[in-house]
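One structure below.
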Amino acid sequence: MEREFTIMAYSENKVGLLSRITIIFTRRHINIESLTVSESEVKGVHRFTIVVRTTEENVIKMVRQIEKLVDVLMASYYHEDEIIFQEIALYKVPTRALAHGSGVEQLIRDNNARILTVEPDYVVIEKTGHSDETLELYKKLEPFGILQFNRSGRIAVTKQIKELSHYLKELDQLSSFSIV
């Protein structure tokens, strides 16, 4: 049964690694729903957050393949209930949408969004949340005219206590024992 999974991979920021990771998905004909790469809590280590919809058997195989890449320090996958996640969406609407009691201002408040900038021709609204929440606000703003819309990929942290820094310390200890 296909489900949504979030894969997290940690690596140094190396040129070409993103391409090698995405090839793993391409070969299996699995579409990446979202992809975010950013610095992690460990200096010099970047986190890839990849959302896919597939079977658990496939995601296990893909995580194993990602971990085999030379520059990858660690990779794992999570079910939705094992992580805390958000996305950010930006909506650019005409400034006239806010005028004359159109209800856009109340819509922004009711959806816990905020106005980032007001220009003579347009207003930029920011909303963080899950994709269904950002899509819902999109649908509500659509009648007022959306000039531009952009949504980030998922960013997530795990609910588990063990952090990457602990894992890296364990790896250091194991490698120092094997050298002796």
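Observations on the model:
- Angle between the chain longest axis and helix 17-27 axis [Cα atoms, degrees, rounded to 10]: 90 degrees
- Here E170 and T55 are evaluated by their C-beta separation; at R0 = 35 Å the FRET efficiency comes out at 0.70.
- Counted charge near M62, where neighbours are those whose Cβ lies closer than 13 Å (Asp, Glu -1; Lys, Arg +1): +4
- Solvent-accessible surface of segment 25-180, averaged per residue with a 1.4 angstrom probe and all protein chains in place: 63 square angstrom.
- Lysine pair count for the chain [Cα-Cα under 27 Å; pairs on different chains or 8 or more apart]: 22
- Helix axis angle, 131-141 relative to the chain longest principal axis, alpha carbon, degrees: 20 degrees
- Taking amide H as placed 1.01 Å from N in the peptide plane, T55 has its amide H under 5 Å from the amide H of R3, each at least 5 places away in sequence or on another chain.
- Accessible surface of the chain, 1.4 Å probe, proportion on carbon and sulfur as whole %: 51 percent
The values are calculated or read from the model by the stated rules, or taken from the named source; none is laboratory data. Since the model is a prediction, treat every value here as computed from it, not as a measurement. Every residue, glycine as well, gets a Cβ built from its backbone with ideal geometry; the counts of neighbours run over all protein chains shown. Ligands, DNA and RNA are stripped out before the accessible areas are found, and what is left, the full protein with its side chains, is counted by its heavy atoms. Shrake-Rupley method; radii C 1.70, N 1.55, O 1.52, S 1.80 Å.
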